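**Q** Quick one: the structure is below, and I'll ask about it shortly.
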Amino acid sequence: MATKSPHILCIRFSAMGDVAMTVPVLIALTRSYPNLEITVVSKPFFAPIFKPLERVHFFDADVKNTYKGALGLYKLYKNLNPERFTAIADLHNVIRSNVLKSFFRFRGNYIAQIDKGRAAKKALTRPSNKNFQPLETTHERYASVFKKIGYPVKLDGSEHLPKQNLNTEIRDLLGNEPQKWLGIAPFAAHDGKKYPLELLDEVLSELSTKPYKIILFGGGKEEEQLLNSFASKYENHVSIAGRFSFAEELALISHLDAMLAMDSGNGHLAALFGVPTLTIWGVTHPYLGFAPFKQPEENQLLADREQFPAIPTSVYGNKVPQGYDKAMHSILPGAVLERIYKLLD
């Protein structure tokens with residue numbers, strides 16, 4: 001009888017940055033183990049992230065509708081064809097993934113789950129008497145899960161996605177002038193991670209004097225309006241918010257010469273393609289392990305901890321103590337511009 005080829009189910013439902021951080025690990029795995037098959041189960045929106053990966057399959061799981069609740073997760077379990085998997089890698093470790101794992105555990109699958117290091121993160125984010133030291137990165141935590149299953153890998157920094165093809169619409173929008181392309185994604189899920197708009201305007205104003213094409217990335221309708229106003233204000237700026245599909249945005253990101261982002265998903269997406277990625281950190285901190293893949297420390301601009309010693313105030317940036325709404329103001333536009341010029345010139 002033929003031996004069953006190893007096939008790992010990888011669970012990571014959200015959020016975009018956390019999902020994106022699985023990619024370097026999956027690249028390392030498929031390079032190191034040529035017979036290994038991997039299926040990623042995640043939200044349908046994230047499918048384009050995994051399309052370029054060899055022997056990595058994607059299973060759409062709309063856990064808020066089609067697969068909602070315990071019965072929905074059992075339906076998901078059945079639709080995944082569980083008999084094909086030799087092991088389960090839970091890279092999320094939340095209620096949904098734990099329920100889904102319980103079905104696999106009942107049938108005897110080997111299961112490993114991520115250690116999120118909650119106690120260490122709590123010690124790093126408490127208001128005082130912090131244990132202020134760098135924690136294991138999320139990429140390393142993901143790799144540890146696969147090591148438990150029997151597939152150790154080492155990330156050497158070469159685990160990048162290839163550039164993707166740009167369609168005619170994108171090329172027509174950005175033009176054919178020989179300019180450096182700088183992506184700027186100034187928004188994040190929480191205010192504590194957003195660069196102040198007045199400081200952003202200073203950065204954009206100065207960049208308008210340079211021979212760059214500035215490409216503004218955003219999300220919701222309010223953000224789209226703000227970015228459109230900046231794009232109309234400065235000649236060499238263009239907003240793509242709301243104009244392209246996620247797959248098209250990924251293709252565009254792959255062609256950037258550099259990306260300026262917050263502690264948010266767009267920074268992680270750019271790093272997947274090896275794009276030099278400059279990130280601005282407010283009330284969060286790279287020590288929590290969420291820095292974009294293999295980006296140097298000098299590409300992480302941090303708020304002044306002498307003025308704001310409680311940083312990081314939380315893992316997600318959703319806790320802003322009194323007065324800490326000014327933390328981002330300690331990262332001056334001049335410092336942002338200086339680093340951009342080093343990346344592009």
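**Q** Checking the structure you have, find out if any residue of segment 105-123 is in a loop (DSSP other than H, G, I, E, B), closer than 30 Å to TYR74 by Cα and touching a Pro at 6+ places or on another chain (Cβ under 9 Å). Steps first, answer last, please.
**A** Restricting attention to segment 105-123, the residues satisfying the condition of being in a loop (DSSP other than H, G, I, E, B) are 107-109, 114-117.
Of the ones still in play, those that are also closer than 30 Å to TYR74 by Cα are 107-109, 114-117.
Subset that is touching a Pro at 6+ places or on another chain (Cβ under 9 Å): 107, 109.
Yes, because at least one residue in segment 105-123 is in a loop (DSSP other than H, G, I, E, B), closer than 30 Å to TYR74 by Cα and touching a Pro at 6+ places or on another chain (Cβ under 9 Å).
**Q** If you don't mind, there's one more thing I want to ask. Within segment 278-287, can one find any residue that is farther than 28 Å from ALA119 by Cβ, touching a residue at least 40 places away in the same chain (Cβ under 8 Å), in contact with a Lys or Arg (Cβ under 6 Å, 6 or more places away or on another chain) and hydrophobic (A, V, I, L, M, F, W, C)?
**A** Within segment 278-287 (the criterion being farther than 28 Å from ALA119 by Cβ, touching a residue at least 40 places away in the same chain (Cβ under 8 Å), in contact with a Lys or Arg (Cβ under 6 Å, 6 or more places away or on another chain) and hydrophobic (A, V, I, L, M, F, W, C)), the answer is yes, since at least one residue qualifies.
**Q** Return the residue satisfying two criteria in turn: it lies in segment 110-129 and is open to solvent by less than 60 Å² (accessible area, probe 1.4 Å) and without any contact (Cβ under 8 Å) to a residue 40 or more places away in the chain, and of such residues it is farthest from VAL41 (Cα to Cα).
**A** First, pick out the residues of segment 110-129 that are open to solvent by less than 60 Å² (accessible area, probe 1.4 Å): 111-112, 114, 116-117, 120-121, 123-125.
Next, only the ones that are without any contact (Cβ under 8 Å) to a residue 40 or more places away in the chain stay: 111-112, 114, 116, 120, 123.
Working: ILE111: 15, ALA112: 15, ILE114: 15, LYS116: 19, ALA120: 28, ALA123: 32 Å.
Among those residues, the one meeting the criterion is ALA123.
**Q** Another question, then. Is at least one residue of segment 12-22 free of Cβ contacts under 8 Å to residues at least 60 places away in the same chain, of a type in the set (Asp, Glu) and either open to solvent by 10 Å² or more (accessible area, probe 1.4 Å) or under 25 Å from THR137 (Cα atoms) (or both)?
**A** The answer is no; no qualifying residue exists.
**Q** Oh, and also: Can you say whether TYR316 is over 18 Å from the mean Cα position of the chain (by Cα) and of a type in the set (Phe, Trp, Tyr), as far as the supplied structure shows? Steps first, answer last, please.
**A** Working: over 18 Å from the mean Cα position of the chain (by Cα): no; of a type in the set (Phe, Trp, Tyr): yes.
For TYR316, the condition - over 18 Å from the mean Cα position of the chain (by Cα) and of a type in the set (Phe, Trp, Tyr) - is not met.
**Q** Yes or no: ARG105 of a type in the set (Lys, Arg), surrounded by fewer than 18 Cβ atoms within 10 Å (Cβ to Cβ) and either under 24 Å from VAL25 (Cβ atoms) or touching a His at 6+ places or on another chain (Cβ under 7 Å) (or both)?
**A** Numbers: of a type in the set (Lys, Arg): yes; surrounded by fewer than 18 Cβ atoms within 10 Å (Cβ to Cβ): yes; either under 24 Å from VAL25 (Cβ atoms) or touching a His at 6+ places or on another chain (Cβ under 7 Å) (or both): yes.
So ARG105 fits the description; yes.
Here is a yes/no grid of residues against (1) modelled with pLDDT of 95 or more; (2) crowded, with 17+ Cβ neighbours inside 10 Å; (3) farther than 18 Å from ARG339 by Cβ:
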{"site": "PRO162", "(1), (2), (3)": "yes, no, yes"}
{"site": "ILE170", "(1), (2), (3)": "yes, yes, yes"}
{"site": "PRO178", "(1), (2), (3)": "no, no, yes"}
{"site": "LYS194", "(1), (2), (3)": "yes, yes, yes"}
{"site": "LEU216", "(1), (2), (3)": "yes, yes, yes"}
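**Q** Kindly indicate whether any position in segment 37-46 is modelled with pLDDT of 95 or more, among the charged types (D, E, K, R) and surrounded by 19 or more Cβ atoms within 10 Å (Cβ to Cβ). Lay out the reasoning, then the answer.
**A** Quick first cut of segment 37-46, residues modelled with pLDDT of 95 or more only: 37-46.
Those left that are additionally among the charged types (D, E, K, R): 37, 43.
Next cut, surrounded by 19 or more Cβ atoms within 10 Å (Cβ to Cβ) only: none.
Checked against the condition, which is being modelled with pLDDT of 95 or more, among the charged types (D, E, K, R) and surrounded by 19 or more Cβ atoms within 10 Å (Cβ to Cβ), segment 37-46 yields no hits at all.
**Q** From the list ALA20, ALA28, pick out the single residue that is within 18 Å of PRO152 (Cβ to Cβ) and either touching an Asp or Glu at 6+ places or on another chain (Cβ under 6 Å) or small (Gly, Ala, Ser) (or both). Can you show your working first?
**A** Details: ALA20 fails: within 18 Å of PRO152 (Cβ to Cβ).
Going through ALA20, ALA28 in turn, the sole match is ALA28.
**Q** I want to confirm something. Restricting to segment 180-192 and keeping residues that are among the aliphatic types (A, V, I, L, M) and more than 21 Å from SER208 (Cβ to Cβ), which single residue is most open to solvent (accessible area, probe 1.4 Å)?
**A** First, pick out the residues of segment 180-192 that are among the aliphatic types (A, V, I, L, M): 182, 184-185, 188-189.
This time we only want the ones that are more than 21 Å from SER208 (Cβ to Cβ), so: 188-189.
Working: ALA188: 14, ALA189: 90 Å².
Selected residue: ALA189.
**Q** If you go through segment 64-92 one residue at a time, how many are more than 20 Å from the chain's Cα centre (by Cα), assigned to a loop (DSSP other than H, G, I, E, B) and within 27 Å of SER245 (Cα to Cα)? Explain how you work it out, then say what you get.
**A** Going residue by residue through segment 64-92, those that are more than 20 Å from the chain's Cα centre (by Cα) are 64-88.
The next check asks that each one be assigned to a loop (DSSP other than H, G, I, E, B); those that pass are 64-68, 80-81, 85-86.
Narrowing the set further to residues that are within 27 Å of SER245 (Cα to Cα) leaves 64-68, 80.
Of the residues in segment 64-92, 6 are more than 20 Å from the chain's Cα centre (by Cα), assigned to a loop (DSSP other than H, G, I, E, B) and within 27 Å of SER245 (Cα to Cα).
**Q** Answer yes or no as to whether ARG96 is more than 24 Å from LYS319 (Cα to Cα) and modelled with pLDDT under 95. Outline the logic, then answer.
**A** On the way: more than 24 Å from LYS319 (Cα to Cα): yes; modelled with pLDDT under 95: no.
So ARG96 does not fit the description; no.
**Q** Return the pairs, sorted by first residue and then second, in which the second residue is among the aliphatic types (A, V, I, L, M) and not in a loop (DSSP other than H, G, I, E, B), the first residue lies in segment 307-325 and is without any contact (Cβ under 8 Å) to a residue 40 or more places away in the chain, the beta carbons are less than 6 Å apart, and the residues are 6+ apart or on different chains.
**A** From residues that are without any contact (Cβ under 8 Å) to a residue 40 or more places away in the chain, the pairs are PHE308/ALA327.
**Q** What about TYR67, is it in contact (Cβ under 8 Å) with a residue 24 or more places away in the chain and either open to solvent by less than 40 Å² (accessible area, probe 1.4 Å) or touching a helix residue (DSSP H, G or I) at 6+ places or on another chain (Cβ under 9 Å) (or both)?
**A** Details: in contact (Cβ under 8 Å) with a residue 24 or more places away in the chain: no; either open to solvent by less than 40 Å² (accessible area, probe 1.4 Å) or touching a helix residue (DSSP H, G or I) at 6+ places or on another chain (Cβ under 9 Å) (or both): yes.
No: the conditions fail for TYR67.
**Q** Any residue in segment 162-188 that is at positive phi sitting within a Cβ distance under 7 Å of a residue that is part of a loop (DSSP other than H, G, I, E, B) and not aliphatic (A, V, I, L, M)? List the pairs, counting only those 6 or more apart or interchain.
**A** Final answer for the pair search is none.
**Q** So, in segment 218-227, of the ones that are open to solvent by 70 Å² or more (accessible area, probe 1.4 Å) and of a type outside the set (Lys, Arg), which residue ends up farthest from ILE170 (Cα to Cα)?
**A** So in segment 218-227, the residues open to solvent by 70 Å² or more (accessible area, probe 1.4 Å) come out as 221-222, 225.
Still in the running and of a type outside the set (Lys, Arg): 222, 225.
Details: GLU222: 23, GLN225: 20 Å.
Per the stated criteria, the residue is GLU222.
**Q** Which of the residues spanning segment 150-160 are surrounded by 12 or more Cβ atoms within 10 Å (Cβ to Cβ) and either basic (Lys, Arg) or out of contact with any Ser or Thr (no Cβ under 7 Å at 6 or more places or on another chain) (or both)? Even if it seems obvious, please write down each step before you answer.
**A** Taking segment 150-160 and keeping what is surrounded by 12 or more Cβ atoms within 10 Å (Cβ to Cβ), we get 150-153, 155, 159-160.
Answer for segment 150-160, where residues must be surrounded by 12 or more Cβ atoms within 10 Å (Cβ to Cβ) and either basic (Lys, Arg) or out of contact with any Ser or Thr (no Cβ under 7 Å at 6 or more places or on another chain) (or both): GLY150, TYR151, PRO152, LEU155, GLU159, HIS160.
**Q** Since PRO34 meets every condition but one in (1) farther than 15 Å from ILE114 by Cβ; (2) open to solvent by 10 Å² or more (accessible area, probe 1.4 Å); (3) not in a loop (DSSP other than H, G, I, E, B), which condition does it not meet?
**A** Every condition holds for PRO34 apart from (3).
The values are calculated or read from the model by the stated rules, or taken from the named source; none is laboratory data. Remember, predicted model here, so these are calculated numbers, not experimental data. Ideal geometry is used to build each Cβ from the backbone, glycine not excepted, and the neighbour counts take in all protein chains shown. Heavy atoms of the whole protein, side chains included, go into the accessibility calculation; ligands, DNA and RNA do not. Shrake-Rupley method; radii C 1.70, N 1.55, O 1.52, S 1.80 Å.
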